[in-house]
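This report refers to the structure that appears directly beneath it.
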Amino acid sequence: MTLKTISDTANTFTFNYTFKDNDTAQVAGHALMGYMTGTFEQPAIEVTYLNDEQGANRLAVEYVADTELTETFKRICDSFKDYYNNPDELTGEDFDDYEQEQKIEQEYIRQRVEQLKQSEDFDSLLKKVAGLELELMELADSVLDDDYPDMAVNGVWEI
């Protein structure tokens with residue numbers, strides 16, 4: 001992977017975004033720092049969290065780049081819009097969507113359990129569960145850095 005370099009004629013830009021709560025603003029701020037770190041050879045970014053009198057939590061970002069990154073930063077921040085949504089706090093259409101999703105998930109689980117009862121015995125289900133556990137551990141292991149073997153899932157199988 002080749003990281004981008006910032007030219008000698010780069011500009012300083014400011015980006016602001018308002019979130020419902022400070023926790024979400026901080027998570028998004030970390031994501032923006034991660035984006036800059038993963039994109040530029042020597043990233044220059046400063047993230048500040050501000051609260052106003054009305055309770056809004058604003059993320060203020062100052063960064064150095066050759067071109068403005070507002071679209072990218074907005075897309076990242078938009079993805080955290082409902083990050084900490086509590087179902088008790090949902091209203092109107094959002095709550096209806098949430099309830100519908102829950103019903104669909106429950107119906108899927110009910111139908112799938114019935115299918116498995118008819119086609120599988122207990123031992124075959126245990127084998128499948130163990131196989132899925134191994135797949136998940138392998139996936140988790142693959143995202144960890146190979147330079148840190150103590151972070152791998154060495155306790156389950158030898159690498």
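Tabulated results
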item: Evaluation of Leu3 against (1) touching a helix residue (DSSP H, G or I) at 6+ places or on another chain (Cβ under 9 Å); (2) surrounded by 13 or more Cβ atoms within 10 Å (Cβ to Cβ); (3) not assigned by TED's automatic domain parsing to the domain that holds Asp78 (one fails), failing number; result: (2)
item: Selection count where residues are acidic (Asp, Glu) and surrounded by 10 or more Cβ atoms within 10 Å (Cβ to Cβ), scope region 122-134; result: 1
item: Matching residues, region 37-63, being at pLDDT 95 or above and farther than 15 Å from Asn16 by Cβ; result: none
item: Restricting region 84-102 to residues that are of a type outside the set (D, E, K, R), part of a helix (DSSP H, G or I) and touching a helix residue (DSSP H, G or I) at 6+ places or on another chain (Cβ under 9 Å), the residue that is modelled with the highest pLDDT; result: Gln102
item: Qualifying positions in region 39-83 - in contact (Cβ under 8 Å) with a residue 12 or more places away in the chain and in a helix (DSSP H, G or I); result: Thr39, Thr70, Thr72, Phe73, Lys74, Ile76, Cys77
item: Condition check for Arg112: at pLDDT 65 or above, in a helix (DSSP H, G or I) and either within 30 Å of Phe13 (Cβ to Cβ) or touching a Gly at 6+ places or on another chain (Cβ under 7 Å) (or both); result: no
item: Qualifying residue in region 14-24 (condition: under 17 Å from the mean Cα position of the chain (by Cα), closer than 29 Å to Glu99 by Cα, polar (S, T, N, Q) and part of a helix (DSSP H, G or I)); result: yes
item: Neighbours by Cβ (under 8 Å, 6+ apart or cross-chain): first from region 1-16, in contact (Cβ under 8 Å) with a residue 60 or more places away in the chain; second loosely packed, with under 12 Cβ neighbours inside 10 Å and part of a loop (DSSP other than H, G, I, E, B); result: Ile6/Glu41; Ile6/Gln42
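The values are calculated or read from the model by the stated rules, or taken from the named source; none is laboratory data. This structure is a prediction, so every number in the text was calculated from the model and none was measured. Note that each Cβ is placed from the backbone with ideal geometry, even for glycine, and that neighbours are counted across all protein chains shown.
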